[in-house]
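Have a look at the structure below, then the notes.
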Amino acid sequence: MEIDLWTEKYRPQTLADIVGQSAIVERLSKFVERRTLPHCLFAGPPGTAKTTAGMALARDLFGDSFERNFMELNASDERGIDVVRNQIKTFARALPAGDAPFKILVLDEADHLTNDAQHALRRTMEAYASSCRMILICNYSSRIIPPIQSRCAIFKFARLREENIADRLDYVAKEEGVNLNPKGKDSILYLANGDMRIALNLLQAASSSGKQVTDKVVFAISGRADPEKIRGLLSTAISGNFDESLGILKTLLLQDGVSPLDLIRQIHREIHSLELVEQDKRKTLERTAEAEFRIAEGADGEVQLTALLAHIALGQDE
Amino acid sequence: MNTRKLPWTEKYRPSSQKEVVGNIDSIQSFVSWMKSWNNGIPKHRAVLLVGPPGIGKTAVVGAVANDLNFELVEFNASDKRNKDHIEIHVSRAAMQHTLDGRARVILLDEVDGLSGTSDRGGVGAILKIIDYSAHPIVMTANDPNSPRLKDLMKRCKVFHFVPIDDDAVMQVLLKISGANPNQVSEEMFASIVARAGGDLRAAISDLEAVIEGRLANDEIDLGTRDVRRTVVQTLRRLFMVTDSAIARMVVSEGNVDHDSMLLWLEENLHLHLTTPLELELGLNALSNADLYLGRIMRQQNWKLLSYVFDFLSSGIASSRRKTPYRRVEYTEPLWPLLIWKGKKKREGKEDLISRLAPIAGVSMERVYEKCIRTIDSIIEISPKQMGKFAEWLSVNKKMFGRKGSRG
């Protein structure tokens with residue numbers, strides 16, 4: 001059997017194959033039609049086809065000469081000013097090969113470039129615009145310095161919709177002969193939360209056992225809690241039953257091996273759907289934010305979570 | 001080179017000083033300094049052009065060099081500029097004569113972009129070259145307060161450039177689009193000019209996006225106008241709901257970035273939240289959002305961003321308890337504008353500040369607060385003092401008071 005990551009194996013090769021993001025794909029396809037392209041900034045959460053779109057665009061535009069006219073750099077490996085002055089500049093100033101109108105440089109995780117490097121990039125973008133167009137990719141556009149933002153057409157990638165990911169999961173499962181049951185699929189969709197890369201990785205990992213992919217298998221390999229259990233934990237606390245909810249918390253942390261940080265984030269996801277009056281909801285939200293901040297700062301996760309439960313259990317008693 | 005493929009900002013780069021717009025005074029003095037090189041080496045061998053991006057600093061150097069038939073040698077931030085590189089490359093350019101006997105001008109672009117680590121010793125090397133250069137050295141920079149410029153400013157003649165006014169930007173856009181048969185609506189022109197805020201390069205590049213991309217008005221993210229529209233819509237929808245889950249959805253669908261959301265809410269929240277309790281709750285949510293943004297920036301823990309959006313959506317929506325929803329006109333946040341204006345007021349007084357700071361023994365930042373305001377108010381009471389102060393600090397009288405040409 002060929003060993004391969006499904007995220008790579010099933011990465012769309014052309015713009016038309018990209019799942020979701022239809023508005024963006026449409027605009028990018030227009031650029032391919034006219035064989036022109038401004039400098040672009042793709043911003044959005046991980047696993048939403050940013051890099052894929054950059055590569056597919058280049059492939060559609062260049063056809064056979066793709067290899068010679070395309071370069072991808074990951075800025076988080078080399079984020080200093082030297083990479084801009086050496087690798088990027090060298091690539092940008094050489095003329096495009098074949099009949100390509102220009103070359104394309106995809107700069108992944110551009111928000112990890114230092115400020116100095118971004119300033120150096122600015123002039124390179126302008127000076128060699130006739131031979132090279134850049135596609136900068138980042139999670140948060142606010143980390144890109146304004147002069148660069150003003151030189152780019154900005155595309156905002158949204159999280160993928162569940163049905164888009166579900167379709168793709170079905171397709172890959174069929175291709176790979178994986179037995180994916182509906183509950184297993186739902187659990188993958190929940191955990192992926194709009195991130196295609198996570199979804200496919202989970203599917204591949206869960207299927208490696210060779211058995212049917214069920215919600216149990218998925219939650220076990222992901223190290224996360226079944227959202228049902230989280231809801232159980234919270235509703236027990238809301239009903240004022242602190243001791244019992246503490247028991248559930250201990251099981252989740254110690255037996256299921258869920259990390260406190262993951263647990264607090266899962267709790268956060270459930271808060272909006274809790275049976276709480278608005279005032280309590282907003283207080284709980286504040287406390288949850290504070291707990292996540294403290295845990296991220298290095299505070300003891302169990303203590304913070306217990307305190308949060310106690311606050312929720314306080315409920316109408318106040 | 002095929003000019004058709006060039007971006008418009010390059011294609012329409014001025015080739016003569018006549019085509020350069022704005023900053024007439026600074027440009028005039030710059031040109032006379034350049035011309036003075038024909039009669040031997042002037043007092044200052046180097047000048048520094050300071051001002052925000054896209055207003056013609058680099059362009060004027062190219063244009064004037066072209067007019068006066070100087071050879072232009074350019075070094076910018078995309079070149080390595082540490083001590084060794086500058087000593088070898090720039091120094092060579094500064095000392096040697098041109099092959100064809102033409103005069104030469106050396107342009108060091110974006111000197112405030114000299115990297116602290118990778119360009120170590122760069123400023124020192126430039127300073128040395130200024131002392132013996134046989135050719136005029138022109139530097140450009142954006143930020144007059146950059147510590148990297150401190151030493152350079154002492155040794156250079158400094159010319160300040162200010163944003164181009166909207167009328168002039170409009171004239172240039174009209175001229176460029178006149179050469180292209182495409183129709184651009186008047187509204188579109190106005191929105192491009194407004195967004196550019198005096199940055200001519202940004203305006204030209206937006207015009208290119210509109211004409212070349214043949215994009216309709218609603219198809220392009222043309223900055224302020226469209227951002228404004230989406231923010232206003234999102235605010236309106238947000239204040240209509242009181243359910244926290246729906247509020248969260250409204251804000252994530254609105255796709256407005258957290259910074260603008262925060263500013264707009266701060267400016268407009270009191271229009272919807274009117275009772276003391278509502279205000280307390282709403283502003284508390286806002287302050288929480290701000291607190292978490294601070295934590296995110298300090299720790300680079302972007303996972304917390306989700307809570308910022310919670311505070312900005314659910315937090316705000318659940319604050320409205322009594323006041324019924326009504327449709328109101330929102331005002332654009334003012335304070336970023338105020339900061340910008342404050343900076344602008346200081347601009348043009350850089351000469352004065354750099355002279356006064358060492359005398360008063362305080363930082364450039366403080367000298368404005370501590371000394372210049374005092375001098376300004378003395379002069380306001382007794383205008384005769386202006387000459388004395390100017391003489392004492394050997395600066396132009398124009399530097400003082402509100403009537404100063406750039407003050």
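The values are calculated or read from the model by the stated rules, or taken from the named source; none is laboratory data. Bear in mind that the values here come from a model prediction, so they are computed numbers and not experimental data. Because the Cβ atoms are built from the backbone with ideal geometry, glycine has one as well, and the counts that use them run over all protein chains shown.
If you check A:Leu261 against the conditions, is it hydrophobic (A, V, I, L, M, F, W, C), farther than 18 Å from B:Ala285 by Cβ, in a helix (DSSP H, G or I) and out of contact with any Phe, Trp or Tyr (no Cβ under 7 Å at 6 or more places or on another chain)? Full working, then the answer.
Values: hydrophobic (A, V, I, L, M, F, W, C): yes; farther than 18 Å from B:Ala285 by Cβ: yes; in a helix (DSSP H, G or I): yes; out of contact with any Phe, Trp or Tyr (no Cβ under 7 Å at 6 or more places or on another chain): yes.
Criteria met by A:Leu261.
Results for (1) modelled with pLDDT of 95 or more; (2) in a loop (DSSP other than H, G, I, E, B); (3) among the aliphatic types (A, V, I, L, M), shown as yes or no for each residue.
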| site | (1), (2), (3) |
| --- | --- |
| A:Tyr190 | no, no, no |
| A:Ala205 | no, no, yes |
| A:Lys211 | no, yes, no |
| A:Ser235 | no, no, no |
| A:Arg265 | no, no, no |
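Look at (1) at pLDDT below 90; (2) more than 22 Å from B:Asn23 (Cα to Cα) and you find that B:His135 fails only one, number (1). In summary, B:Asn66 fulfils each of the numbered conditions (1) surrounded by 15 or more Cβ atoms within 10 Å (Cβ to Cβ); (2) at pLDDT 90 or above with the single exception of condition (1).
Would you point out the residue of segment B:87-113, among those that are in a loop (DSSP other than H, G, I, E, B) and under 25 Å from the mean Cα position of the chain (by Cα), that is surrounded by the fewest Cβ atoms within 10 Å (Cβ to Cβ)? Give the steps one after another, and end with the answer.
Pass one, segment B:87-113, residues in a loop (DSSP other than H, G, I, E, B): B:96-102, B:109-110.
Imposing the further condition that a residue be under 25 Å from the mean Cα position of the chain (by Cα) reduces the set to B:109-110.
Numbers: B:Asp109: 20, B:Glu110: 22.
That would be B:Asp109.
State all residues of segment A:265-289 that are within 9 Å of chain B (Cβ to nearest Cβ) and within 20 Å of B:Leu286 (Cα to Cα); if no residue qualifies, say none. Across segment A:265-289, the qualifying residues are A:His268, A:Ile271, A:His272, A:Glu278, A:Gln279, A:Lys281, A:Arg282, A:Leu285, A:Glu286, A:Thr288, A:Ala289.
Taking A:Ser273 as the residue in question, decide whether it is of a type outside the set (Lys, Arg), surrounded by fewer than 19 Cβ atoms within 10 Å (Cβ to Cβ) and in contact with a Gly (Cβ under 8 Å, 6 or more places away or on another chain). Give the steps one after another, and end with the answer.
Details: of a type outside the set (Lys, Arg): yes; surrounded by fewer than 19 Cβ atoms within 10 Å (Cβ to Cβ): yes; in contact with a Gly (Cβ under 8 Å, 6 or more places away or on another chain): no.
Taking the combined requirement at face value, the residue does not satisfy it.
Scoring B:Ile353 on the criteria (1) in a helix (DSSP H, G or I); (2) at pLDDT 80 or above leaves a single failure, condition (2). Among the residues of segment B:115-127, the one identified as exposed (fewer than 15 other Cβ atoms within 10 Å of the Cβ) and away from chain A (no Cβ under 14 Å) is B:Gly124.
Scanning segment B:11-22 for residues that are over 13 Å from B:Thr58 (Cα atoms) and assigned to a loop (DSSP other than H, G, I, E, B) gives B:Tyr12, B:Gly22. Scanning segment B:254-279 for residues that are touching a Ser or Thr at 6+ places or on another chain (Cβ under 8 Å), more than 9 Å from every other protein chain (Cβ to nearest Cβ) and over 19 Å from B:Thr331 (Cα atoms) gives B:Thr275, B:Glu278. For segment B:308-330, state whether one or more residues are of a type in the set (Phe, Trp, Tyr), over 30 Å from A:Leu261 (Cβ atoms) and at pLDDT below 90. There is at least one residue in segment B:308-330 that is of a type in the set (Phe, Trp, Tyr), over 30 Å from A:Leu261 (Cβ atoms) and at pLDDT below 90. Quick one: is A:Asp256 within 13 Å of A:Leu234 (Cβ to Cβ) and surrounded by 15 or more Cβ atoms within 10 Å (Cβ to Cβ)? When the stated conditions are applied, A:Asp256 does not pass them. The set of residues from segment B:306-335 being in a helix (DSSP H, G or I) and surrounded by fewer than 16 Cβ atoms within 10 Å (Cβ to Cβ) comprises just one member, B:Trp335. The lone criterion from (1) within 13 Å of chain B (Cβ to nearest Cβ); (2) more than 30 Å from A:Ala16 (Cβ to Cβ); (3) at pLDDT below 85; (4) out of contact with any His (no Cβ under 8 Å at 6 or more places or on another chain) left unmet by A:Lys89 is number (3). Of all residues assigned to segment A:277-299, none qualifies as being assigned to a loop (DSSP other than H, G, I, E, B) and either in contact with a Lys or Arg (Cβ under 9 Å, 6 or more places away or on another chain) or among the polar types (S, T, N, Q) (or both). When every residue of segment B:76-86 is checked against the conditions, at least one turns out to be on the phi < 0 side of the Ramachandran plot, more than 10 Å from chain A (Cβ to nearest Cβ), assigned to a helix (DSSP H, G or I) and surrounded by 20 or more Cβ atoms within 10 Å (Cβ to Cβ). Would you check if there is a residue in segment A:237-249 being outside any helix (DSSP H, G or I), out of contact with any Leu (no Cβ under 6 Å at 6 or more places or on another chain) and acidic (Asp, Glu)? Taking every residue of segment A:237-249 in turn, none turns out to be outside any helix (DSSP H, G or I), out of contact with any Leu (no Cβ under 6 Å at 6 or more places or on another chain) and acidic (Asp, Glu).
For A:Thr51, the conditions (1) surrounded by fewer than 21 Cβ atoms within 10 Å (Cβ to Cβ); (2) without any contact (Cβ under 8 Å) to a residue 60 or more places away in the chain; (3) closer than 25 Å to A:Arg123 by Cα; (4) of a type outside the set (Lys, Arg) all hold with the exception of (2).
Residue selection: B:Pro42 satisfies the criterion of being in a loop (DSSP other than H, G, I, E, B), assigned by TED's automatic domain parsing to the domain that holds B:Leu152 and more than 19 Å from the chain's Cα centre (by Cα).
Looking across segment A:281-300 at every residue that is buried (at least 20 other Cβ atoms within 10 Å of the Cβ) and of a type outside the set (Lys, Arg), the one that is nearest to B:Asn301 (Cα to Cα) is identified as A:Phe293.
Output the number of residues of segment B:87-114 satisfying the condition of being within 14 Å of another protein chain (Cβ to nearest Cβ) and in contact with a His (Cβ under 8 Å, 6 or more places away or on another chain). Step through it out loud before you land on a result.
Residues of segment B:87-114 within 14 Å of another protein chain (Cβ to nearest Cβ): B:89, B:107-114.
Keeping just the survivors that are in contact with a His (Cβ under 8 Å, 6 or more places away or on another chain) gives B:110, B:113.
Residues that pass the stated criteria total 2.
Of all the criteria given as (1) in a loop (DSSP other than H, G, I, E, B); (2) within 13 Å of chain B (Cβ to nearest Cβ), the one not satisfied by A:Glu26 is (1).
Can you find a residue that is over 22 Å from A:Glu175 (Cβ atoms), of a type in the set (A, V, I, L, M), without any contact (Cβ under 8 Å) to a residue 24 or more places away in the chain and surrounded by fewer than 21 Cβ atoms within 10 Å (Cβ to Cβ) anywhere in segment A:1-13?
Pass one, segment A:1-13, residues over 22 Å from A:Glu175 (Cβ atoms): none.
The answer is no, given that none of the residues of segment A:1-13 is over 22 Å from A:Glu175 (Cβ atoms), of a type in the set (A, V, I, L, M), without any contact (Cβ under 8 Å) to a residue 24 or more places away in the chain and surrounded by fewer than 21 Cβ atoms within 10 Å (Cβ to Cβ).
So for segment A:156-168 (the condition being outside any loop (DSSP other than H, G, I, E, B), at the interface with chain B (Cβ under 9 Å from one of its Cβ atoms) and closer than 18 Å to B:Asp257 by Cα), does at least one residue qualify? First the steps, then the outcome.
Looking only at segment A:156-168, we keep the residues that are outside any loop (DSSP other than H, G, I, E, B), and these are A:156, A:162-168.
Narrowing the set further to residues that are at the interface with chain B (Cβ under 9 Å from one of its Cβ atoms) leaves A:156.
Imposing the further condition that a residue be closer than 18 Å to B:Asp257 by Cα reduces the set to A:156.
Scanning segment A:156-168, I find at least one residue that is outside any loop (DSSP other than H, G, I, E, B), at the interface with chain B (Cβ under 9 Å from one of its Cβ atoms) and closer than 18 Å to B:Asp257 by Cα, so the answer is yes.
Scanning segment A:140-150 for residues that are more than 7 Å from chain B (Cβ to nearest Cβ) and either buried (at least 19 other Cβ atoms within 10 Å of the Cβ) or among the polar types (S, T, N, Q) (or both) returns A:Ser141, A:Ile144, A:Ile148, A:Gln149. Determine, yes or no, whether B:Met153 is surrounded by 18 or more Cβ atoms within 10 Å (Cβ to Cβ), part of a helix (DSSP H, G or I) and in the same structural domain as B:Ile211 (by TED's automatic domain parsing). Spelling it out, it is not the case that B:Met153 is surrounded by 18 or more Cβ atoms within 10 Å (Cβ to Cβ), part of a helix (DSSP H, G or I) and in the same structural domain as B:Ile211 (by TED's automatic domain parsing). Candidates in segment A:99-119 are the residues that are surrounded by fewer than 18 Cβ atoms within 10 Å (Cβ to Cβ) and closer than 15 Å to A:Ser130 by Cα; of these, the one that is farthest from the other protein chains (Cβ to nearest Cβ) is A:Asp99. When B:Lys57, B:Lys35 are screened for being of a type in the set (D, E, K, R) and within 14 Å of chain A (Cβ to nearest Cβ), only B:Lys57 passes.
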